[in-house]
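The values are calculated or read from the model by the stated rules, or taken from the named source; none is laboratory data. Note that the structure is predicted; figures quoted are calculated from it, not measured. No Cβ is skipped: glycine too gets one built from the backbone with ideal geometry, and neighbour counts run over all protein chains shown.
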Amino acid sequence: MALSLHRFDSPLGPLHLAGDAHGRLRALDFSRTRLDRGLAERCGAPACVETGEPHPAAPALARYFAGELDALEAIELDAGGSGLDGDVWAALREIPAGRVVSYGELARRIGRTDPRAAREVGAANARNPIAIVVPCHRVVGKDGSLKGYVWGLPRKRWLLAHERARRDDAAPQLPGL
């Protein structure tokens, strides 16, 4: 599989994007090293070609950072997840911008009723290969606290503040924002 590599300068720092021949986003990361490692784990060792051209997702990313929060919904992607990862990543895309859910609630949304499933959902979030577009930043602790974020809690806090996020149960504000 051949992938094209792109760079997008965001308010949170440079983003590295990998896209396939069909223009689908396959990975998006703040770290090129992490992006390469994740692609190798999910896709083998894909041939990656750096390009100076913007990825088709770039205009939507620019609109998102400019305040058009639903712009990310139009981005075509293929995260390559299966099983629990695929279920979690698909469910993450269902969380609207400006809303957050708990890890336990996300587990229930994908049909997991065991209380320990929240940990499994957290682990799947940590394996998310497409930052921001697959919005794992919209998942918080059951008390509304910001839990781990593979790209750093300051970025998670910034993204939630940018989206003016609040809980689906209409709590007025999240702690720390």
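Taking the options L61, L84, name whichever one is modelled with pLDDT of 95 or more and within 26 Å of L17 (Cα to Cα).
L61
Please tell me if R32 is over 14 Å from the mean Cα position of the chain (by Cα), without any contact (Cβ under 8 Å) to a residue 60 or more places away in the chain and not assigned by TED's automatic domain parsing to the domain that holds E163.
Answer is yes for this residue.
Just checking, how many residues over the range 16-30 are touching a helix residue (DSSP H, G or I) at 6+ places or on another chain (Cβ under 9 Å) and either among the small types (G, A, S) or under 14 Å from E50 (Cβ atoms) (or both)?
The total comes to 4.
Looking for something among the acidic types (D, E) and under 13 Å from the mean Cα position of the chain (by Cα) - is there at least one such residue anywhere in the range 93-107?
yes
Kindly provide the set of residues from the range 13-39 that are small (G, A, S), loosely packed, with under 12 Cβ neighbours inside 10 Å and in a helix (DSSP H, G or I), ordered by number.
none
From the list E73, E68, which residue is under 19 Å from H162 (Cα atoms), surrounded by fewer than 18 Cβ atoms within 10 Å (Cβ to Cβ) and within 16 Å of the chain's Cα centre (by Cα)?
E73 is the lone residue from the list that is under 19 Å from H162 (Cα atoms), surrounded by fewer than 18 Cβ atoms within 10 Å (Cβ to Cβ) and within 16 Å of the chain's Cα centre (by Cα).
Would you check which residues across the range 124-149 are surrounded by fewer than 19 Cβ atoms within 10 Å (Cβ to Cβ) and touching an Asp or Glu at 6+ places or on another chain (Cβ under 9 Å) and list them?
Residues satisfying the conditions are R127, K142.
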